[in-house]
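Below: one structure, written as structure tokens.
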Amino acid sequence: MRDRYPFPRRWLMTDERIGDRLLPTIRRLPPGSGIVFRHLATPRAERLALFRRIRRIAVARRLTLVSIDALAGSRGHGGKRPFTAPAHDAREAATMRRAGAEILFVSPIHATRTHPGATPLGIRRAAAIGRERVRARIALGGMTERNWRTIRQHGFYGWAAIDALTR
């Protein structure tokens, strides 16, 4: 059976704390997975070089790669499809949908090291964000394969993580 939407169900969110595990992690992702390239603390020239290395791997492994800033050859927030966006509450979800987002990353569902001290939404509140507003909602924040099996019944299309995918 084919998916209703042609988007990845599993996403790796990148950032500097992944360090040397980044490229091996990307090589282990199953074909059809997605990568959201962040690395905003990395100097631009170095960030662009890293993005290009990741793009080569992504193309070879049939992975979807989007960037949260406009890098040459990037998709997503750079204006090309799929256009992804964060949603931390219903207002932000509505704003991102009006801007053309197809995929919302709803977060933080659970406590996460990326945003220490942030109050998690919990499953019920997260499930209400962006419902019927976009083509796909991705659960983010403290997500693991086990958490995904629990939350998918609440209308989420997929899940995203850093720690669960880089261990």
For this session: Using R₀ = 41 Å, calculate the FRET efficiency as 1/(1 + (r/R₀)^6) where r is the Cβ-Cβ separation of Arg98 and Ala118; round to 0.05.
Result: 0.95
For this session: Using only the alpha carbons of the chain, determine the length spanned along each of the three principal axes and report them from longest to shortest in whole angstroms.
Result: 39, 35, 31
Problem set entry | Rounded, prolate or oblate (a/c below 1.5 giving rounded, otherwise prolate when a/b exceeds b/c) for the range 124-164 by Cα gyration tensor | prolate
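For the chain, which whole-number percentage of the solvent-accessible area (1.4 Å probe, protein heavy atoms only) is attributable to carbon and sulfur atoms? Show your work: numbers first, answer last.
On the way: 4480 of 8970 Å².
The C+S portion of the solvent-accessible surface of the chain is 50 percent.
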For this session: Could you calculate the contour length gain from Asp15 to Arg27, that is, 0.36 nm times the residue separation minus the distance between their Cα atoms, to one decimal place in nm?
Result: 2.7 nm
Exercise. At a probe size of 1.4 Å, how large is the accessible area of His154, to the nearest 10 Å²?
Worked result: 60 Å²
Seminar exercise, completed: The rounded separation in angstrom of the Cα centers of the range 1-61 and the range 86-151 is 19 Å
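Tell me, what is the FRET efficiency for Arg135 and Glu46 to the nearest 0.05, using R0 = 35 angstrom and their Cβ-Cβ distance as r? Don't jump to the answer; show the numbers that get you there.
Numbers: r = 33 Å, r/R0 = 0.96.
My answer for the efficiency is 0.55.
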Exercise. Counting Lys and Arg as +1 and Asp and Glu as -1, each charge on the Cβ, what is the dipole of the chain about the Cα centre in debye, to the nearest 20?
Worked result: 560 debye
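The values are calculated or read from the model by the stated rules, or taken from the named source; none is laboratory data. Just so we're clear, the structure is a prediction, and the values are computed from it rather than from any experiment. Methodologically, a virtual Cβ is constructed for each residue, glycine included, from the backbone with ideal geometry; neighbour enumeration extends over all protein chains shown. When the accessible area is computed, the model is the full protein with side chains, heavy atoms only, and any ligands, DNA or RNA have been set aside. Shrake-Rupley method; radii C 1.70, N 1.55, O 1.52, S 1.80 Å.
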